[in-house]
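What follows is a short report on a single structure.
The values are calculated or read from the model by the stated rules, or taken from the named source; none is laboratory data. As the structure is a prediction and not an experimental result, all values here were calculated from the model. Glycine also receives a Cβ, built like all others from the backbone with ideal geometry; neighbour counts cover every protein chain displayed. The accessibility values were calculated without ligands, DNA or RNA, using every heavy atom of the protein model including side chains. Shrake-Rupley method; radii C 1.70, N 1.55, O 1.52, S 1.80 Å.
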Amino acid sequence: MQIMTERLSLSAEQLSSMGLPFPSSPNPISLHFPTHRSFACPLVDATKLFSVFSMPSPNEKWAHFHRPRPTASLRNLKIKNRNIKARFSSSNNSNSTPHASNGDSDSPAKTKLIVVSSLIAVSLAIANRVLYKLALVPLKEYPFFLAQLTTFGYVMVYFSILYLRRRANIVTEEMLSLPKSRFMAIGFLEALGIATGMAAAASLPGPAIPILSQTFLVWQLVFSAILLGRKYSWNQIAGCVIVTAGLAVAVGSGSDAGQILSGVAPLWPVLMVVSSACQAAASIMKEFIFVDAATRLRGKSLDIFVVNSFGSGFQALFVLLFLPFLSNLKGIPIAQLPSYLMHGAGCFLNVGARRPGCEGAPLLPLLYVITNLSFNITVLNVVKKFSAVVASLVVMLSVPVSIYILSLPLPFLPEGASLSPLFLTGSSMLVLGLAFYYIPLPSKREAKTD
């Protein structure tokens, strides 16, 4: 399951890389009087208790009209209470971290969580891209088999983990009873994105594919504003635009930009853009599910394996329906598909008699599968804790790093590649865009104070 997606702690995320705090409903305060001696409770003065229920004197009736002005400490307490209410009520505040957990979003602990989560996601994203390239060395004749293995095999893995977490009471019945229509929409969008992307890739030149795919982040901004009602500041929009442009420059640095789409029918670039839009909509839908679950589950955090399992299950169902179309796009007649998958599995396992051309299997493909699983789970956790846009920005940071690593001589890929100066320019633009996105802007109240 390909997910770029996908911000975010929903305790009181994300969604949503990529704030929307949802505090728990206040519990009624109950007063329990001690009924036995072992209950630790301070003694109550009878005279004071009687004075609470006694009728006020005539002088005390009008005393509240002559109360002194509140002291500075009381005024500070009232201001603090108003700030807390404003923090919980500002669910569409774009400058706060989406799905922030309890506490101040600008606290050092929150900043440390963002940094650690981003570093883990970037490291796994880099390893995922590099190991995918290495996995295709033994499976260079069977990339379609690897794609179907990750689509259908992950369903069994995710539902097995979900079953174990249900037995351990980590996943509750309320989580499993969430509406399945949204997971069905996610599966359909991801399968449609795969189908349209493969159809466009068959007719587009190689360098054009990753450049056109960078519209993914733009679509995420659009869909998050539509589905989540999120508003972005000017620096966040500028940061996303700079990141998209920088990544396009870095990825297409070795191509002639003026001739890259010459002689290509307009239908195929449009299909590639539609593919990115479908994937972006699926990632925002996942963030929406996390946000909505906070209300449905009364502040409880939705387990990510509920989203992963049902989303992957419906994606596999729709991919199965599209399988004849996808197989023909790869030049494999549907009648020959079982034989193709059988030979691909034999090359993947590479047991018994060594198969020519399958050197490196099963180690390299297994490393990729394990890393890709960890990467998908980590990215979805970033979507839950922060946002789908933040998850995408984090993953995009891994693209130039992985390109640089793949340009070096590697095992099974001894021939390196040279990078043009535009690659460094695009990478610098990408980092600059990330800095723009995360620049903290002063609030309106602070601006008035200054």
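Does region 166-179 contain any residue that is over 21 Å from the mean Cα position of the chain (by Cα), of a type in the set (Gly, Ala, Ser) and part of a helix (DSSP H, G or I)? No - not one qualifying residue is present in region 166-179. Residue 110 meets the conditions (1) modelled with pLDDT under 95; (2) open to solvent by 30 Å² or more (accessible area, probe 1.4 Å); (3) in a helix (DSSP H, G or I) in every case but one. The failed one is (2). Does residue 209 count as hydrophobic (A, V, I, L, M, F, W, C) and closer than 30 Å to residue 417 by Cα? Taking the combined requirement at face value, the residue satisfies it. Of all residues in region 133-142, those satisfying the criterion of being closer than 12 Å to residue 363 by Cα and in a helix (DSSP H, G or I) are 134, 135.
Scan region 395-450 for residues that are under 27 Å from the mean Cα position of the chain (by Cα), at pLDDT 90 or above and not in a helix (DSSP H, G or I) and the total you get is 0. Just a yes or no: is a residue in region 221-236 over 30 Å from residue 302 (Cα atoms), open to solvent by 20 Å² or more (accessible area, probe 1.4 Å) and among the hydrophobic types (A, V, I, L, M, F, W, C)? Yes, region 221-236 contains at least one residue that is over 30 Å from residue 302 (Cα atoms), open to solvent by 20 Å² or more (accessible area, probe 1.4 Å) and among the hydrophobic types (A, V, I, L, M, F, W, C). Looking only at residues of region 347-366 that are surrounded by 16 or more Cβ atoms within 10 Å (Cβ to Cβ) and part of a helix (DSSP H, G or I), we find that the one that is farthest from the chain's Cα centre (by Cα) is 347. Mind counting the residues in region 211-220 that are under 13 Å from residue 283 (Cα atoms) and open to solvent by 40 Å² or more (accessible area, probe 1.4 Å)? Of the residues in region 211-220, 2 are under 13 Å from residue 283 (Cα atoms) and open to solvent by 40 Å² or more (accessible area, probe 1.4 Å).
Going by the conditions given, is residue 331 under 15 Å from residue 141 (Cα atoms) and assigned to a loop (DSSP other than H, G, I, E, B)? Yes.
Checked against the criterion of being in contact with a Gly (Cβ under 8 Å, 6 or more places away or on another chain) and within 30 Å of residue 400 (Cα to Cα), region 287-296 contains not a single residue that satisfies it. Residues in region 180-208 that are within 20 Å of the chain's Cα centre (by Cα) and not small (Gly, Ala, Ser): 180, 182, 183, 184, 186, 188, 189, 190, 192, 194. When restricted to residues that are farther than 21 Å from residue 324 by Cα and touching a helix residue (DSSP H, G or I) at 6+ places or on another chain (Cβ under 8 Å), region 155-171 contains 8. Taking region 263-289 as the search range and keeping residues that are within 15 Å of the chain's Cα centre (by Cα) and aliphatic (A, V, I, L, M), which one is most open to solvent (accessible area, probe 1.4 Å)? Restricting to residues being within 15 Å of the chain's Cα centre (by Cα) and aliphatic (A, V, I, L, M), the top hit is 285. Counting only helices (runs of 4 or more DSSP H) wholly contained in region 200-295, the ones carrying 2 or more residues that are out of contact with any strand residue (DSSP E or B) (no Cβ under 7 Å at 6 or more places or on another chain) and modelled with pLDDT under 90 occupy 208-212, 234-251. Residues that are hydrophobic (A, V, I, L, M, F, W, C) and open to solvent by 10 Å² or more (accessible area, probe 1.4 Å) within region 290-314 comprise 291, 297, 304, 305, 310, 314, listed in sequence order. Right, residue 344: crowded, with 19+ Cβ neighbours inside 10 Å, of a type outside the set (A, V, I, L, M, F, W, C), closer than 28 Å to residue 367 by Cβ and at pLDDT below 95 or not? Yes: the conditions hold for residue 344.
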